[in-house]
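Colleague: Handing you a structure now.
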Amino acid sequence: MAAEHSFSPGHADNLINLKTLLGTLQSRLDSLQCFYCERTFKSAKVLRKHMKTKRHLRINPRLSFYDQFYVLNYARCKDDEEEEEGKSCGSDSGEVAPAAATTSEPDQLLEWVEDEPQDRKTVCLICELVLDTPRLMLDHCTAAHHFDLRAIKSQLDLGFYDTVMLINFVRTTCAKCTCVQCDAVFADRAQLLGHMNSTDHTFPANDEWRSPCNLLPALSPDPLLFSLSSVMDKTPTVNPATPNT
């Protein structure tokens, strides 16, 4: 698309539900509708001429409908959560609140890309121990905290973005010395770990972790997120534990 039609929806790392986005754009073109100004034309030829002449071969950043497909727009959700403690940024229906309209070009909005960290040392999801690699960290989580991310992903059939949300939720919650399952708050991390180990509270009791806020990294840079696909395909070196649901 970029080479032949000078159109790109943005960097793949910044897109969510790309298949749905492309399907939506294709449906609008099939309906002879310009996806920038949303005008409808009498023929494909007239539509193509209009889009090239008016330079409408791009997504209109003022159309809030497209906000749901870009990770950057979820940053506002996380900011709101930090400003109002205890208030969830996501609605019960799971719908994403549209970001404020802007006149910036889409390419300017989609430059939220971090360089892959050179240091692969990875902080544990639950405690403060630092492991040499993401894989060793996952093995540690399974052995020390009975939180086997690989087994959970397989058993619950989690997709990439679901896994990212779960990772960031666990990191953020434990950093606040709060239990991921019962929401009990403790004075320090040691008390939290003692509680989670004694009660086997290692997995969220509900779907609160499936919030768009949790698409934003809780730890930056997080070597686990950069190597997620490869380390999740590896067989763990310790016995897996099943999620406590």
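The values are calculated or read from the model by the stated rules, or taken from the named source; none is laboratory data. Keep in mind it's a predicted model, so treat the numbers as computed, not measured. Every residue, glycine as well, gets a Cβ built from its backbone with ideal geometry; the counts of neighbours run over all protein chains shown. Heads up: the accessible areas ignore ligands, DNA and RNA and are worked out on the full protein's heavy atoms, side chains in. Shrake-Rupley method; radii C 1.70, N 1.55, O 1.52, S 1.80 Å.
Colleague: Do we have Ser31 as open to solvent by 40 Å² or more (accessible area, probe 1.4 Å), among the polar types (S, T, N, Q), modelled with pLDDT of 85 or more and farther than 19 Å from Trp209 by Cβ here?
Modeller: Here the answer is yes, as Ser31 does meet what is asked.
Colleague: If you check every pair at least six apart or on different chains, which have Cβ atoms under 9 Å apart with a residue in segment 132-153 that is β-branched (Val, Ile, Thr) first and a residue that is part of a helix (DSSP H, G or I) second?
Modeller: Thr133/Pro223; Thr133/Val231; Thr142/Leu149; Thr142/Arg150; Thr142/Ala151; Ile152/Thr163; Ile152/Leu166
Colleague: Quick one: Glu105 ticks every box in (1) exposed (fewer than 12 other Cβ atoms within 10 Å of the Cβ); (2) under 27 Å from Ser211 (Cβ atoms); (3) modelled with pLDDT under 50 bar one, so which box is it?
Modeller: Failed condition: (2).
Colleague: Right, something else. When residues of segment 181-204 are filtered for being farther than 16 Å from Val164 by Cβ, without any contact (Cβ under 8 Å) to a residue 40 or more places away in the chain and of a type outside the set (Ser, Thr, Tyr), how many remain?
Modeller: 12
Colleague: On to the next question. Checking the structure you have, find out if any residue of segment 124-138 is open to solvent by 10 Å² or more (accessible area, probe 1.4 Å), hydroxyl-bearing (Ser, Thr, Tyr) and farther than 29 Å from Phe69 by Cα.
Modeller: yes
Colleague: Would you be able to tell me the number of residues in segment 154-172 that are over 10 Å from the mean Cα position of the chain (by Cα), in contact (Cβ under 8 Å) with a residue 12 or more places away in the chain and open to solvent by 10 Å² or more (accessible area, probe 1.4 Å)?
Modeller: 5
Colleague: Take segment 37-67 and flag every residue that is aliphatic (A, V, I, L, M) and touching a residue at least 24 places away in the same chain (Cβ under 8 Å).
Modeller: Leu57, Ile59, Leu63, listed by residue number.
Colleague: Looking at Ala184 and the list (1) open to solvent by 60 Å² or more (accessible area, probe 1.4 Å); (2) more than 25 Å from Ile16 (Cβ to Cβ), which single condition is not satisfied?
Modeller: Tallying (1) open to solvent by 60 Å² or more (accessible area, probe 1.4 Å); (2) more than 25 Å from Ile16 (Cβ to Cβ), Ala184 fails exactly one: (1).
Colleague: May I pose another question? Return the total of residues in segment 40-84 being at pLDDT 80 or above, open to solvent by less than 30 Å² (accessible area, probe 1.4 Å) and within 19 Å of Leu18 (Cβ to Cβ).
Modeller: 2
Colleague: Could you list, in sequence order, the residues of segment 205-216 that are in a loop (DSSP other than H, G, I, E, B), out of contact with any Asp or Glu (no Cβ under 8 Å at 6 or more places or on another chain) and in contact (Cβ under 8 Å) with a residue 12 or more places away in the chain?
Modeller: Of everything in segment 205-216, those that are in a loop (DSSP other than H, G, I, E, B), out of contact with any Asp or Glu (no Cβ under 8 Å at 6 or more places or on another chain) and in contact (Cβ under 8 Å) with a residue 12 or more places away in the chain turn out to be Ala205, Ser211, Leu216.
Colleague: Six or more apart or on different chains, Cβ under 9 Å: which pairs go from a residue in segment 15-36 that's part of a loop (DSSP other than H, G, I, E, B) to one that's surrounded by fewer than 12 Cβ atoms within 10 Å (Cβ to Cβ)? Could you list them?
Modeller: Final answer for the pair search is Ser31/Thr40; Leu32/Thr40; Leu32/Lys42; Leu32/Ser43; Leu32/Ala44; Leu32/Val46; Cys34/Thr40; Tyr36/Arg55.
Colleague: Do you know which of the residues in segment 180-214 that are under 13 Å from the mean Cα position of the chain (by Cα) and within 20 Å of Leu138 (Cβ to Cβ) is modelled with the highest pLDDT?
Modeller: The selected residue is Trp209.
Colleague: Could you check, for segment 177-193, whether at least one of its residues is in a helix (DSSP H, G or I), closer than 17 Å to Val231 by Cβ and out of contact with any strand residue (DSSP E or B) (no Cβ under 9 Å at 6 or more places or on another chain)?
Modeller: no
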